[in-house]
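Chemist: Quick one: the structure is below, and I'll ask about it shortly.
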Amino acid sequence: MKPAALPHSSPRLGKRLELGRIYAHIRKDIDLVEKKLKNISRSTVPLISEIGGYLFQKTGKRIRPALVLLSSKIFGPQGAERVLLSSLVELVHTASLIHDDIIDNGRTRRGKATLHAKWGPNVTVLLGDHLYIKSINLSLGCRSPRVTAILTEVSVRMIEGEIQEFGSSGRLSLAEKDYLDIIGKKTAALFSASCLLGGILGGATDSQEKALAEYGLNLGLCFQVIDDILDYTGEESRLGKPVLADLAEGRITLPLIYALSRDGSALVGRIERLLKDRKDDLQARREIVDRVQSLGGVDYALSRAAEYCRKSKDSLAGLPRTACTESLALLADFVLNRDQ
């Protein structure tokens, strides 16, 4: 049975939120994280320092470190360990991106050349391994032994998700539940772990830790669904990569899964040609984008992202009402409404 079509309306807000406002209470800490990341990337091995300097010369949104900081500061001011923990989750995230780009043969990320495009896959995969292991090693100095266990577990889950995604590459029969399982491991698991680590640092109760972990999980699902929507609706100049780049690499995501469930026969042939040729056929890409949108694929995915956004904010109800709790709620709205 085909799912019912959804109306062509966006569940997102009509305004754009700024991270500067959301990060107001942790801005100094985010700056300290940037310095920490640059220090961690230095090495007595010149090539590691060279690549690390390139890797951390341009800052991203730093959402995962922000989750650690905001989650911990809900319960009051924290010590210096907050910066280390925030940096460690960003190291794990960065390592996953390095490996992801190698597997997908991505040539650009955030508008600049990927590491393996500049240094080749051999040394780049080793650097990804280096960052994973270094994050675990540095975590051994943290006060709570749970930190190492959490970072180890989430690293395993992320790698499992990457392997699952690779195994389903180009599989147009991929079910929505399998897609959600993949992004739950690849993306949402680290969001959840970041919030949990912040709760542990802040001294949260068991129920508060659970609430933070649930918030992070749903926020991560929202983040990845929006990321996958932008592959169909975003602008190359803002995304730093071509539209439908994910699909051209064989990644089957929620807008397409829904569209195929509505009218697969009209799409399969075009997509199979795109996946087979891997050519920069802009006309073919535009046709696929138009068809997926006309079948309600983008609207459906947006409705699911909005649902995860709502669930994430609902999880905050059991936490102390502070400025940082409000920032977490605003961050959920930012993730839902982002355009890059």
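Chemist: Taking the Cα-to-Cβ direction at ASN39 and at ASP129 and moving 7 Å from each Cα, how far apart do the two end points lie in nm?
Modeler: About 2.8 nm, to one decimal.
Chemist: Using DSSP to call loops (not H, G, I, E or B), can you name the trypsin sites (Lys or Arg not before Pro) in region 27-68 whose Cβ has at most 14 other Cβ atoms within 10 angstrom? Walk me through the intermediate numbers first.
Modeler: Numbers: sites: ARG27, LYS28, LYS35, LYS36, LYS38, ARG42, LYS58, LYS61, ARG62; in loops: ARG42, LYS58, LYS61, ARG62.
Answer by residue number: ARG42, LYS58.
Chemist: Right, here's the next one. List the trypsin sites (Lys or Arg not before Pro) within region 127-202 that DSSP assigns to loop and that have no more than 13 neighbouring Cβ atoms inside 10 Å.
Modeler: Those satisfying the criteria are ARG143, ARG171.
Chemist: Would you mind giving the three semi-axes, in whole Å and largest first, of the ellipsoid equivalent to region 201-340 according to its Cα gyration tensor? The partial results should precede the final answer.
Modeler: Details: eigenvalues 257, 42, 28 Å².
So the equivalent ellipsoid measures 36, 14, 12 Å along its semi-axes.
Chemist: Subtracting the Cα-Cα distance from 0.36 nm times the residue separation, let me have the gained length for ASP290 to LYS118 in nm, one decimal. Numbers along the way, then the final one.
Modeler: Details: separation 172, 0.36 × 172 = 61.92 nm, distance 3.43 nm.
Gain on extension, ASP290 to LYS118, equals 58.5 nm.
Chemist: Can I ask one more? So for the chain, taking the charge dipole from beta-carbon charges (+1 Lys/Arg, -1 Asp/Glu), which of THR187, ILE26, ILE136 sits furthest toward the positive end?
Modeler: ILE26
Chemist: A follow-up question, please. I'd like the GluC sites (Glu not before Pro) in region 99-187 restricted to DSSP loop residues with at most 13 other Cβ atoms within 10 Å, sorted by number.
Modeler: Here no GluC sites (Glu not before Pro) fit, given the DSSP loop and packing criteria.
Chemist: Along the three principal axes, how long is region 141-202 when you take its alpha carbons, biggest first, rounded to the nearest angstrom?
Modeler: Ordered largest first, region 141-202 gives principal extents of 46, 17, 10 Å.
Chemist: So for the pair LYS28, ALA175, with labels modelled 7 Å out along Cα→Cβ, what separation do we get in nm?
Modeler: Label-label distance for LYS28 and ALA175, simple model: 5.2 nm.
Chemist: Here is a further query. In the structure displayed, which of LYS177/LYS311; LYS112/LYS177; LYS61/LYS112; LYS36/LYS210 lie more than 22 Å apart, Cα to Cα?
Modeler: LYS112/LYS177; LYS36/LYS210
Chemist: A follow-up question, please. In whole angstrom, and with the biggest value first, how far do the Cα coordinates of the chain range along each principal axis?
Modeler: 57, 48, 31
Chemist: Considering the alpha-carbon set of region 92-150 alone, what are its Rg and its Dmax in angstrom?
Modeler: Expressed in Å, the Cα Rg and Dmax of region 92-150 come to 13.6, 40.
Chemist: Taking only the alpha-carbon atoms of region 139-243, what semi-axes of the equivalent ellipsoid follow from 5 times the gyration tensor eigenvalues under a square root, in whole Å, largest first? Before the final figure, lay out each step's value.
Modeler: Working: eigenvalues 173, 51, 35 Å².
Sorted largest first and rounded, they come to 29, 16, 13 Å.
Chemist: Let me ask something else about it. Restricting things to alpha carbons, tell me how big region 76-124 is in terms of Rg and Dmax, in Å.
Modeler: Reported Rg and Dmax, both Å: 14.6, 45.
Chemist: Taking just the alpha-carbon atoms of region 19-104, what radius of gyration and Dmax come out, in angstrom?
Modeler: Taking only Cα atoms of region 19-104, I get Rg and Dmax of 13.8, 42 Å.
Chemist: Here's another thing I want to ask about it. For region 269-340, place one equal point scatterer on every Cα, skip the solvent, and apply the Debye formula. What is log10 of I(q)/I(0) at q = 0.16 Å⁻¹?
Modeler: -0.71
Since every read-out is calculated from the coordinates, none of them should be taken as a lab result. Bear in mind that the values here come from a model prediction, so they are computed numbers and not experimental data. Ideal geometry is used to build each Cβ from the backbone, glycine not excepted, and the neighbour counts take in all protein chains shown.
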